[in-house]
1. Which pairs do you get when a residue that is within 17 Å of PRO93 (Cβ to Cβ), found in segment 152-164, comes within reach of a residue that is outside any helix (DSSP H, G or I) and open to solvent by less than 60 Å² (accessible area, probe 1.4 Å), reach meaning Cβ atoms under 8 angstrom, with the pair 6+ apart or on two chains?
2. Looking at GLU341, GLU301, GLU292, which is the one that is at pLDDT 90 or above and either hydrophobic (A, V, I, L, M, F, W, C) or closer than 22 Å to ASP269 by Cβ (or both)?
3. Tell me, which residue of segment 214-258 that is β-branched (Val, Ile, Thr), modelled with pLDDT under 80 and part of a helix (DSSP H, G or I) is least open to solvent (accessible area, probe 1.4 Å)?
4. Return the pairs, sorted by first residue and then second, in which the second residue is open to solvent by 30 Å² or more (accessible area, probe 1.4 Å) and not in a helix (DSSP H, G or I), the first residue lies in segment 215-229 and is farther than 17 Å from VAL162 by Cα, the beta carbons are less than 7 Å apart, and the residues are 6+ apart or on different chains.
5. Could you please tell me which pairs satisfy a Cβ distance under 7 Å, a separation of 6+ or placement on different chains, a first residue in segment 380-400 that is crowded, with 24+ Cβ neighbours inside 10 Å, and a second residue that is of a type in the set (D, E, K, R) and part of a helix (DSSP H, G or I)?
6. Does GLY294 satisfy the condition of being within 19 Å of HIS363 (Cα to Cα), of a type outside the set (A, V, I, L, M) and open to solvent by 10 Å² or more (accessible area, probe 1.4 Å)?
7. Residues in segment 192-211: is at least one aliphatic (A, V, I, L, M), open to solvent by 70 Å² or more (accessible area, probe 1.4 Å) and at pLDDT 85 or above?
8. Can you confirm whether ARG281 is closer than 21 Å to ASP395 by Cα and surrounded by fewer than 19 Cβ atoms within 10 Å (Cβ to Cβ)?
Amino acid sequence: MGPVRPSAVVYVGCAVLGALVCLAPLPDLSVSWWAVALLAALYVGCERLPLPRALGRTRAGRTTPAPPGGHRAPEGMGTFYPVLLAGAFLLPPAAAALVPLPGALGAHGAERPSWPRRAWRAARLSLAVWAASRVHRSLGGHTAMTGPHFPHALLAAAAAVVAFCLVLTALDGGILALGVGEPPAPSRRRGRTPARTAWRGLFLRSLAPVAVHGLAGLMMAVLWRSPYGPVTALLVLLPMYVSCWVFAQYHRERAAHQATIRALVQAVDLKDGYTRGHSERVGQASMMIARELGLDDHRVEVLRFAGILHDVGKLGVPTRLLRKDGPLTPEERRIIELHPEYGHEIVRGIGFLGEARSAILHHHERLDGTGYPYGLRGGQIPESARVVAVADAFDAMTSTRSYSRARPVAAALEELRRCAGAQFDPAMVHALIRALERWGRPGSDEAGNGQGWYPAVTADEQHRNGRPGNLPPSALPAAGQPAGRGHGGGGA
């Protein structure tokens, strides 16, 4: 959670009140309190296991750092949901809701969360576990685990997992809608996430991992109620811990990839200050296009990498040319037009980039064959390069540099339409337009407080006149000039 707003305090208070209502029947329950205490202690112990940070878990209210262009995981994404779900399968709803409270309210490590954050984490987990237990009991799952109808227990457990995810999704989406935490892409402006987008994707992203944890929780519950007793149920946690460790190795490797990309982008930004931030925005726009094209998550991520690194070849271009204020000579332009090949040479040994390498090499090709470096035509140009070309030109046109003023988003889109078929792939242009419409009316503050595309100032604001808005009209691209053809910028 980010800075706590009054509306968020009220929201958290309502969640806490709801959790207290769920716990109200506790005095009248006939329940095995030693089982409740054991599960609660087990959850506390699991939360304090020394798992690597790369795992992405939230401990004591901390959130996972967001990758460039990504967004943070919902707060409170616990690693040991199996213990909580086992409690939901074994205990009455009110008693099950009690299990996460000691672990959620406790703090561990140097960074201790504030009490509102602890209360939020405890309330959301308590409500989710209560809902899972209520659904599980209403479907007869409690008796099906030990009766002759064990397959029915799988259906009841699946329904409980769905209820668990739905409650977490509803609560986390509400926090996003209140503007607490970091907003999702494509904008990094803080503010409230529109209600129509706050919950988008949260449920599907959490369902698969929680389903796996739910299966482990069901195994714990079945063994707990078997003749072998609770001790054997604890053995389920060992393979879960191993799987978490393996998952952590994957995230550690991914973090190393992100660090590599970040270092390259920072080097480009230092060399070409006029386009600082351009790479990140091209990565965002490339990702938006890829999602509209229906590409799988892996290719979406690769295309984001391609957009972020598309100009890495500028490291091989003399700085004086990148920062030249006047027109480029033909010889100087030929030197700058070598940057896609330089970029390909820089990243060719980075295996995880995959097809992003061809996008870096060919993002200045044109469909009519007049682009560079190889003059490829139409389908000869890799799809990834055609995506990045549109994203690159769009951001170049909607960003203010020292040599050109930003065009309005609508004007930039019209220019892309005009050049579609000759310079750009029409399918990629239309995908970008659809993506911008999905996030709100482009360039408008009515686009959901930060969800539309906002033209950016990428040049040093103190350069020359001190304000990019003071650039003379002569700095604008000529009306007939193809999109993204300014010198030294994203459309070089």
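The values are calculated or read from the model by the stated rules, or taken from the named source; none is laboratory data. Here the structure is a predicted model, which is why all the values come from computation and not from measurement. Heads up, the Cβs are rebuilt from the backbone with ideal geometry, glycines too, and the neighbour counts pull from every protein chain shown. SASA here: full protein model, heavy atoms, side chains in, ligands and nucleic acids out. Shrake-Rupley method; radii C 1.70, N 1.55, O 1.52, S 1.80 Å.
1. ALA156/GLY140
2. Being at pLDDT 90 or above and either hydrophobic (A, V, I, L, M, F, W, C) or closer than 22 Å to ASP269 by Cβ (or both) holds for just one of GLU341, GLU301, GLU292, which is GLU341.
3. Initial filter on segment 214-258 (β-branched (Val, Ile, Thr)): 222, 231-232, 236, 242, 246.
Then drop every residue that is not modelled with pLDDT under 80, which leaves 231-232, 236, 242, 246.
Subset that is part of a helix (DSSP H, G or I): 231-232, 242, 246.
On the way: VAL231: 111, THR232: 34, VAL242: 74, VAL246: 82 Å².
That would be THR232.
4. Listed by first residue and then by second, the contacts come to ARG225/THR146.
5. ASP395/ARG281; MET397/GLU415
6. So GLY294 fails the test.
7. Checked segment 192-211: no residue is aliphatic (A, V, I, L, M), open to solvent by 70 Å² or more (accessible area, probe 1.4 Å) and at pLDDT 85 or above.
8. No.
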